[in-house]
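Undergrad: Structure incoming, see below.
None of the figures in this text is laboratory data; all of them are computed from the coordinates on show. What you see is a predicted model, and the numbers here were worked out from it, not measured in a lab. In this analysis, Cβ positions are derived from the backbone assuming ideal geometry, glycine residues included, and neighbour counts consider all displayed protein chains.
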């Protein structure tokens with residue numbers, strides 16, 4: 001069931017309601033193409049984000065006829081530099097003066113600037129807007145940031161979880177930029193210049209590529225009036241994103257590494273090449289039905305002590321889509337063979353009806369819980385901007401996923417040749433496992 | 001958002017935070033017991049074993065399937081600490097019954113029934129817990145302890161704390177040591193369960209939409225918990241801690257394979273009893289925010305590191321400074337940290353604006369506490385156990401009253417007790 005559109009005013013303001021979860025939100029489409037989502041909630045703190053559809057994945061793009069290729073890590077670098085103002089002041093200070101707690105992050109498909117506060121929301125919101133609209137990149141501030149980000153890169157390289165993740169990406173994908181860490185490498189960030197940063201900013205920080213999401217005790221009209229004060233009406237030409245051609249099969253079935261750790265870690269990925277927006281709710285249910293902690297697979301690997309820690313996850317985004325199951329195990333290869341056996345069975349027979357019903361119930365409950373946090377709500381509203389799905393109807397969407405839909409999806413997206421593993425072993429123990437190298 | 005407390009005949013104290021803000025409900029039982037290595041390992045092995053199965057749901061899969069039927073209710077058993085006390089906690093997170101797809105599904109009552117099964121009808125073999133589960137969980141606990149080295153940032157903080165609190169219960173991790181884990185037996189774990197549930201002080205808290213049905217269910221559940229109270233006092237833990245004293249700074253450099261060094265400094269400071277707001281504001285100005293002295297100078301101005309931050313342990317009057325940086329930049333970073341402490345030791349160097357920003361930040365954190373169903377409840381229980389102020393408005397008023405001189409006094413009293421540096425091994429540095 002879709003949320004009811006009860007009002008459509010001249011300024012393109014829509015009130016979306018969902019009676020089942022008793023929630024209401026406002027969606028505004030500004031003339032510039034900027035989308036604004038506001039959910040009013042009786043919380044002491046309000047959370048706002050200003051995000052762009054631009055992440056570490058977007059290293060090659062076309063703008064106004066010119067095809068541009070930039071160094072890895074530039075989206076993340078740009079995010080760091082957006083906090084500087086023309087007079088050299090750090091925008092964190094401006095937020096702090098108001099009592100707002102600000103931050104930002106970059107992932108493979110997005111860059112997001114955010115703050116939360118309990119007082120003076122609209123002043124902090126103005127700081128956020130001005131900051132995102134006013135880039136200041138100079139040779140000096142770029143040089144300074146290269147040192148800081150190089151330290152961030154080294155810190156991440158010391159984390160076995162980081163090695164595990166990026167080796168899995170390298171195993172699954174041959175060309176996809178998700179193989180490279182979001183922050184780039186010490187070498188790639190050394191090639192970043194103010195000119196390149198402006199090029200990326202001008203391409204991706206266009207209003208028709210961006211959204212503002214707010215949750216808290218705030219008024220949509222006031223938010224719109226601030227937006228209108230700072231953001232011009234005119235629409236600009238859209239940037240052309242470069243698609244990444246990669247094969248359906250994995251690039252390398254297994255990548256092994258060593259680190260200073262106590263027990264082998266593994267991460268197994270199933271590439272989902274034929275998933276689309278429509279199948280997104282069914283994907284969540286399918287992942288849960290396969291790897292959830294109520295299911296046979298988990299019962300088997302856990303009760304038989306094949307794994308001691310265990311996690312699972314599904315990624316569905318513009319750059320890539322996959323299921324991931326990981327943890328620690330004395331025998332990562334044995335876990336891999338169990339995942340392959342499960343995949344072969346599911347690709348042929350689908351999942352059991354019981355597993356489907358359990359998974360659906362779990363995913364539904366997860367979605368209901370999102371509405372208890374202003375941060376989660378704002379982040380999910382931004383996710384809905386990226387995917388084009390309605391956030392307010394998400395719980396209902398899961399409610400109406402069918403068994404047949406999930407089984408058909410399983411048969412379409414799961415295949416043994418799309419499975420890869422990354423494993424990290426303690427330095428001296430790599431040979432312990434069946435003599436494998 | 002009022003908190004109503006009640007003391008049951010069996011000695012359990014309950015607190016109810018009645019709010020309609022959330023779509024979920026939160027409930028926890030917190031038992032306190034003395035922190036010893038043996039208690040920590042037995043309690044941790046017990047917690048993990050209870051999550052493996054009980055008489056009614058003998059495997060983890062059957063347990064999880066039942067919880068899934070309760071709309072993915074999360075019922076976890078955790079071991080944590082509060083100053084000198086070890087905490088054994090049973091925590092329930094569940095969506096409110098009105099969001100269930102079936103009508104009249106009393107999810108809260110059902111989740112309490114599950115807690116009862118898990119805690120009071122565990123899988124036993126006579127006088128001991130299921131030996132296979134206990135042995136399996138001991139192995140898992142040992143793995144977790146050994147895996148501390150995996151995360152270098154956390155490992156460095158842990159090592160520094162072990163050195164700073166050496167010889168006291170504060171140096172004990174909540175899982176104990178590899179030796180104390182190996183000493184756990186199915187019988188000792190079962191005895192720990194009886195000891196905790198029957199003899200240890202217990203604090204229960206509910207947060208969510210407290211309807212009459214829920215009130216009835218909670219009353220019934222808590223009043224029926226069997227406790228050894230007749231004629232004796234329940235065990236209560238002296239929460240105060242005796243801390244080691246250092247005549248001079250203890251310096252430890254540890255070689256560990258890493259691409260980046262990790263520096264952790266442990267400072268003591270003088271505080272006046274349980275008033276925790278001046279150290280809190282010093283922490284905010286010194287290194288706990290992105291506009292702090294450490295962030296703006298060690299990271300932004302000198303570009304020495306990605307992070308350099310402070311964190312105060314108010315209940316112990318200790319402050320940790322931690323940073324990840326190139327091996328050869330340690331002395332430069334250390335000098336800047338000391339310089340900033342020196343500057344903050346004089347009230348004239350703390351601007352009104354800086355103090356105001358710190359106050360706003362902390363006040364905002366407290367004001368936002370009630371936006372989370374579980375966070376406020378957890379915060380309340382911890383403060384209650386440790387005997388600290390639990391009235392958020394009173395804390396906010398105290399923050400507003402702090403002066404620059406109060407902050408400078410904390411800076412002047414700082415004493416560097418332990419300087420820990422995780423150095424790379426030769427190969428890793430090269």
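Undergrad: For the pair residue B:125 and residue A:126, what calculated FRET efficiency results from E = 1/(1 + (r/R0)^6), where r is the Cβ-Cβ distance and R0 = 56 Å, to the nearest 0.05?
TA: Efficiency, rounded to the nearest 0.05: 0.25.
Undergrad: Provide the packing ranking of A:348-355, B:366-373, i.e. peptides ordered by the mean count of other C-beta atoms within 10 Å per residue, highest first.
TA: B:366-373, A:348-355
Undergrad: Return one number: the angle in degrees, 0 to 90 and rounded to the nearest 10, between the long axis of the Cα atoms of helix A:139-157 and the longest principal axis of the Cα atoms of chain A.
TA: 30
Undergrad: Show me the three semi-axes of the equivalent ellipsoid for the stretch B:112-201, from the C-alpha gyration tensor (sqrt of 5 times each eigenvalue), largest first, rounded to whole Å.
TA: One finds semi-axes of 29, 16, 13 Å for the stretch B:112-201.
Undergrad: Now for a different question. Quick one: B:382, B:192, fewest Cβ neighbours within 10 Å first, how do they rank?
TA: The most exposed by this proxy come first: B:382, B:192.
Undergrad: Something else about it: Based on a Kirkwood Rh over C-alpha pairs, give the Stokes-Einstein translational diffusion coefficient of chain B at 25 °C and viscosity 0.890 mPa s in µm²/s.
TA: My calculation gives 103 µm²/s for D.
Undergrad: State the three equivalent ellipsoid semi-axes of chain A, derived from the C-alpha gyration tensor as the square roots of 5 times its eigenvalues, in descending order and whole Å.
TA: Equivalent ellipsoid of chain A: 37, 29, 19 Å, largest first.
Undergrad: Additional query: Would you mind telling me which residue in A:381, A:25, A:421 has the biggest mean-square fluctuation in a Gaussian network model of chain A, where springs connect alpha carbons within a distance under 10 angstrom?
TA: A:25
Undergrad: For the Cα atoms of chain A, what angle does the longest principal axis make with the long axis of helix A:194-204, in degrees from 0 to 90, nearest 10?
TA: Once rounded, the angle reads 90 degrees.
Undergrad: Also: Measuring from centroid to centroid over Cα atoms, what is the spacing of the stretch A:140-174 and the stretch A:20-81 in Å?
TA: Measuring centre to centre over Cα atoms gives 23 Å.
Undergrad: Put a dot 7 Å past each Cα toward the Cβ at residue A:305 and residue B:254; how far apart are the dots in nm?
TA: The modelled label-to-label distance comes out at 2.8 nm.
Undergrad: From the Cα trace of the stretch B:132-287, what convex hull volume per residue do you get, rounded to a whole Å³?
TA: It comes to 245 Å³ per residue, whole-number rounded.
Undergrad: Here's another thing I want to ask about it. Within a 10 angstrom radius of the beta carbon, how do A:427, A:53 rank from fewest other beta carbons to most?
TA: Fewest-to-most ranking of A:427, A:53: A:427, A:53.
Undergrad: Right, another one. I'd like the mean, over residues of B:60-72, of how many other protein chain beta carbons sit within 10 Å of each residue's own Cβ.
TA: Average per residue, whole number: 6.
Undergrad: Would you mind listing how long the stretch B:250-429 runs along its three principal axes, going by Cα atoms, in whole Å with the largest first?
TA: Extents along the principal axes, in whole Å: 54, 38, 28.
Undergrad: Hey, what angle do you get for helix B:60-69 against the long axis of chain B, alpha-carbon based, 0 to 90 degrees rounded to 10?
TA: Compared with the principal axis, the helix lies near 80 degrees.
Undergrad: Still on this model: Given all pairs of different Cα atoms, what value in angstroms does the Kirkwood hydrodynamic radius of the protein assembly as shown take?
TA: 29.1 Å is the Kirkwood radius here.
Undergrad: Something else: Could you give the C-alpha radius of gyration of the stretch B:3-223 expressed as a fraction of 2.2 N^0.38 Å, taking N as the number of residues it contains?
TA: Normalised Rg, Cα atoms only: 1.07.
Undergrad: At a Förster distance of 30 Å, what's the computed FRET efficiency of residue A:242 paired with residue B:301, Cβ-Cβ distance as r, to 0.05?
TA: Efficiency computed from Cβ-Cβ geometry: 0.20.
Undergrad: Along its three principal axes, how long is the stretch A:4-241 when you only count alpha carbons? Whole Å, largest extent first please.
TA: Result for the stretch A:4-241: principal-axis Cα extents of 51, 39, 39 Å.
Undergrad: Let me ask another. I need A:112, A:186, A:406 ordered by Cβ neighbour count within 10 Å, fewest first.
TA: Arranged by neighbour count, lowest to highest, A:112, A:186, A:406 become A:186, A:112, A:406.
Undergrad: Count, for each residue of A:356-366, the Cβ atoms from other chains sitting within 10 Å of its Cβ, then give me the mean as a whole number.
TA: Counting Cβ atoms of other protein chains within 10 Å of each residue's Cβ and averaging gives 4.
Undergrad: Let me confirm one metric for peptide A:259-271, namely the mean number of other chain beta-carbon atoms within 10 Å of its residues' beta-carbons.
TA: 3
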